[in-house]
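The values are calculated or read from the model by the stated rules, or taken from the named source; none is laboratory data. On a predicted model such as this, the values are computed, not experimentally measured, just so you know. Please note: Cβ atoms are built from the backbone with ideal geometry, for glycine as well, and neighbour counts cover all protein chains shown. Ligands, DNA and RNA are stripped out before the accessible areas are found, and what is left, the full protein with its side chains, is counted by its heavy atoms. Shrake-Rupley method; radii C 1.70, N 1.55, O 1.52, S 1.80 Å.
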Amino acid sequence: MRASLRLAPTAMLFAVSLLSFTGASMAASRETRIPDAALKAASELRERALASDLGFRITESLTTEVGPRLAGSEADARAVQWAEAKFRELGFDKVWKEPVTFPKWERRSEHGEVLGTARQSLALTALGGSPGGTAEGEIVRFADLAALEAAPAGSLAGKIAFVDFRMPRAKDGAGYGPGGGIRSRGPSAAIRAGAIGYLMRSAGTDSHRSPHTGITRFDDGLTPVPSAALAAPDADQLARLLERGSVRVRFALDCGWDGQATSYNVIGEMRGTSKPDEVVLIGGHLDSWDLGTGAIDDGAGVGLTMAAAKLIGDSKQRPARTIRVVAFANEEQGLYGGKAYAQEHAKDVKKHQLAAESDFGAGRIYAYSSSAPAYAQAADQQIAEALAPLGIAHTPGKGGPGPDISPFAAQGLAWARLAQDGTDYFDYHHTPDDTLDKIDPKALAQNVAAYAVFAYLAASADGDFGSEAKKVTPPEE
Ligand SMILES: [Zn+2]
């Protein structure tokens, strides 16, 4: 067998060039491209979306008819009903819901005050996951998390830790990294130093007297203590009082965990034409915190993605693939809806062409990027070009998947990011001020146009964007 295989030099040359040609044409043939007809339809869709106020009307409906919808609460159950009814009212072809179960946290009442000669009330709110109880004692101020983490064990015995960090304002929300870290890791660091309670300057960029809530955690083995966030002006007031001497504070929180609750990921589809079993997923999270009506977080995300899919559904020529809108359950307390979706659809990674989540307010989108592999970058560029008239730049390699799609992206889902201007997002984030009046309808329409164009083109592409089931190595024991 072996001898006869020795080929003449010309035949060898022919074989090599044949192989490289087939390789190249295979790669070329694998290259994902978006047909011209789809690009043309997308530009018409873009104009139609810019002229539509549908996204704002859906957001108005959710934030007005349901309002604050804390995960697991009675209002959350109404939000699920609202979403199912809204998908049907908008004419989605298929509507269903998938259960998501999680621990249920409740807030009942909260109060805080400075004691002693400068007695006065404090504007504060319990962090999600905080136990109820009363903490009364001297406060000890720390400039940031590192300073608190450096506090010796027992040094805060009988005292209340107060982290007074000013979160920087940034268009891409970069300040939320440290701000969110102080909220989630601060209480455990305080407990390790012996504190009986935890206070933090709100993870916000504003100066109004609305404290910012948000989820916190307690490391295993620690006994949780009452933990709350102060409004920025109240943090300033405490800092000034501390310049004058020691300060005693008392705060009482009536809140805590109360068993398990089941909510739902609510899903609506606009069926595609030639490849209806393949989907482009867009969405936002349906739950909100209980202080405001959850307009920028994340009523806008649900409203704009529902509207984008509806406008695609009304197109003269629908795309080949299905547009699937997911209103995720309980994002705020731990991505429960996103994790449940990834688990429920684990075997369908490859059927998910591309996914994008909107969960950063209603500011104008200024940048687009995706996880597109080399053979799909030409198509990715085509999408970026179709978005450019909306003032959106192409920023390949930047960013990552949205919160609720990140668990599925870890399993191999191809993701896209439509980055929103969040310059003032953390002025209202997780506060009583997260209300509809904070949304600019024109900016929201730009979001709807961007999501409609992105989803339409991704759903029309010849070829894929790299979704492939990834072996998820279970974490080391
Ligand atoms: Zn959110």
For the range 397-429, which positions are more than 16 Å from the ligand (Cβ to nearest atom) and assigned to a strand (DSSP E or B)? 415, 416
Selection over the range 195-214 where residues are over 23 Å from residue 154 (Cα atoms) and out of contact with any helix residue (DSSP H, G or I) (no Cβ under 7 Å at 6 or more places or on another chain) yields a count of 5
Right, residue 433: buried (at least 16 other Cβ atoms within 10 Å of the Cβ), modelled with pLDDT of 95 or more and acidic (Asp, Glu) or not? yes
Within the range 249-268, restricting to residues that are more than 18 Å from residue 227 (Cβ to Cβ) and surrounded by fewer than 24 Cβ atoms within 10 Å (Cβ to Cβ), the one that is farthest from the chain's Cα centre (by Cα) is 259
Subset of the range 175-202, residues part of a loop (DSSP other than H, G, I, E, B) and under 17 Å from residue 110 (Cβ atoms), comes to 196, 202
Pairs under 6 Å by beta carbon, first residue closer than 30 Å to residue 108 by Cβ in the range 236-254, partner open to solvent by 70 Å² or more (accessible area, probe 1.4 Å) and among the polar types (S, T, N, Q), six or more apart or different chains? 252/134
Is it the case that some residue within the range 269-286 is within 16 Å of the ligand (Cβ to nearest atom), open to solvent by less than 10 Å² (accessible area, probe 1.4 Å), among the hydrophobic types (A, V, I, L, M, F, W, C) and closer than 13 Å to residue 79 by Cβ? yes
So if I check each of 85, 42, 75, which one is outside any strand (DSSP E or B) and under 24 Å from residue 437 (Cα atoms)? 75
If I ask for residues that are within 16 Å of the ligand (Cβ to nearest atom) and of a type in the set (Phe, Trp, Tyr), which ones from the range 321-378 would you list? 328, 336, 341, 360
Name the one entry in 116, 129 that is assigned by TED's automatic domain parsing to the domain that holds residue 224 and more than 20 Å from the chain's Cα centre (by Cα). 116
How many residues are in contact with an Asp or Glu (Cβ under 7 Å, 6 or more places away or on another chain), within 15 Å of residue 70 (Cα to Cα) and crowded, with 16+ Cβ neighbours inside 10 Å when one looks only at the range 108-127? 2
